[in-house]
Each structure stands twice: as C-alpha cells, then as structure tokens.
1. Along the charge dipole of the chain, pointing to its positive end and built from +1/-1 on Cβ of Lys, Arg, Asp and Glu, which listed residue (PRO151, ALA196, ALA61) has its Cα farthest out?
2. All other residues with a Cβ under 11 Å from the Cβ of LYS49 taken together, and with Lys, Arg as +1 and Asp, Glu as -1, what is their net charge?
3. On alpha carbon coordinates alone, what is the Rg over Rh value for segment 7-111, Rh being the Kirkwood radius?
4. Rounded to whole Å and sorted largest first, what semi-axes of the equivalent ellipsoid does the C-alpha gyration tensor of the chain yield via the square root of 5 times each eigenvalue?
5. Where does helix 101-111 land angle-wise versus the long Cα axis of the chain, in degrees 0 to 90, nearest 10?
6. At what distance in angstrom do the alpha carbon centres of segment 173-235 and segment 78-156 lie from each other?
7. Mind putting a number on the dipole of the chain about its Cα centre? Charges go on the C-beta only, +1 for Lys and Arg and -1 for Asp and Glu, and I need it in Debye to the nearest 20.
8. Keeping to pairs on different chains or 8 or more places apart, tell me how many lysine pairs in the chain have Cα atoms under 19 Å apart.
Amino acid sequence: MADNPWVVNVDEAGFEAQVLRRSLDTPVLVDFWASWCGPCRMLGPVLEKLAREGNGRFVLAKVDSDRNKQLARQWGVKGIPAVKLFVDGQLKDEFTGALPETAIRQFLERAIPSPADQRVEFARRLLLDGRTDQAQAVCEETLTLDSRHGPTLLLLTQLALDRGDVEGGKGYFARLDATTAIGPEAVRLKARLAFAGGQGDLTRWQQQVASDPTDLQARLQYGQGLIGVERYAEGMDQFLEILRKDRQFQDDAARKAMINTFDMLGPEHPLVSSYRSKMSAVLFS
C-alpha cells in the first residue's frame, strides 16, 4: 500500500477531512475491515488494485473497525468487510462482504462516473442548449479517452442522424460493443437508422401508390419515407395496408417495419399501443 497514492489509512480523527471533505473533490471508497476477518483480507488487495488502476478516479480509505468502533457504529456497520462510497460529502452507495472483482468493477462503474461518462454528460447538456457543434467536438474528444465508450458512440450516432449523415451514423453504431448495442437507446437508434435516408421523393411514391394500390414495393418505400420524416401514423398505415394485401411480402417486410417503428418510438408513445392492436387485428383476423 505504501506505493499506492490512492490508498490511505483513516481513523476517527481524520474521517471528516480525509473522507467527507475529500469526497467533495474525489469519490472516496471506505473499506471497514479488521485483521482477524478472512473475507477482509481477501477483499482488501482487490480494492487496492482497483484504486491503483483508477489512478485518481477514487480514493480508497481503509478503516480498522476494531480500532474505530464509534466510527463503525456511526456509519451503520453491521458486518465486515463493509464498503461505503462517499461522493460530495454524502454516502452514495455501499456493499457488504467480499464480492468478486467483476462485481466490484460493476459497482464502481455504476456509482462513479468515468471521465468519459462525465464528458458525454457535458455534451448532452450542450446539445440541450442547442450547441450542436460543441457537443460533437466534445464527443469526438471523448473517444480519444475511450474509443469504445458506448454512451458517446450513441450520442454521435444521434448527432449524425440529426444532420442527415446516415453513413456516419452507421459507422458510429457499428463500433458499439454487444452489450450496449441491445440497450433501449441503441434499439431506438437502430430502428431510426433503418428508416433514415428513406425519404427520397415522397410525392413520387405517393403518386405511384395512388395510381397502382397493388404496388407493394412502392407502398413500402412510401411508408418508410413517411417514418423518416416523422409522419409515423401515416407510415404505419402504409405498412398495415401491405399486411392486409400480402402478409409475407418481401419476407415479412411490413411487419418488421412496424416493429422497428415501435422500437424507435418507445413503449410509452401513444401510437405504439394503438398500432400494436391494429397490427394484431390484421395478422390474426
């Protein structure tokens, strides 16, 4: 521990300064332990290793619970090892017992934003303020910290789609890891990618459908184009009409387009419930 600047021993006298006040600047992970505790001896080296790897992401404060019983009682320590995370002077999260390293890493990822996480949140605030170019720049810089950072790649995909750069959006999306790619935000963006760039000449497709209602290919393109310009109900009406005429058209393309639209809109959107019912009525009539 002597060569690890991110690990400190803390007692009752130093707790306020080394944990509470220090956590105003850097998260502090407090490990309540005792020399006789076998699980504590297993957990301690793992926490010290993660603190060293973090290189300042958090400080590990070691508290001998036998020598600091009042401190242990004050913070509700019922069993050891007890690990408590302090952020901004407050207890933010905790766990008890010698968790495996993978579980501790997950705990830290959830509870302590990484530098990349902090930067992408800043980019989101810039975007909300209408500062799109600055948000784009912050995201690109964030990828220099973590080239596979999921939230940043998702936001860059969204930004690319917003400016009509479909291929750029596909490129960012393709870099997502498997876990991120199945999350709710990724599912919506994937559906949006499926429709992006499909607007084309809506008037031409509309006229073609009007002149030949049996041209299901034109109707499919027309529906996709309508979804692409956010005319969702009109687009889904076209998909429903295809299902009425030929449920198997182009390997179930209309039903898949409906599902993609539901994914893009999200389960809370009022159109989703309505059109799910309409699709079921057509498919099972």
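No lab work stands behind these numbers, since they all come straight from the coordinates. Model, not experiment: these values are computed from the prediction. Cβ sites come from the backbone with ideal geometry, for glycine too, and all protein chains shown count toward neighbours.
1. It is ALA61.
2. Within the 11 Å Cβ shell, the charges total -1.
3. A ratio of 0.92.
4. Sorted largest first and rounded, they come to 54, 21, 14 Å.
5. Approximately 70 degrees, to the nearest ten.
6. After rounding, the separation between the Cα centres reads 33 Å.
7. For this selection, approximately 540 debye.
8. Counting lysine pairs in the chain gives 14.
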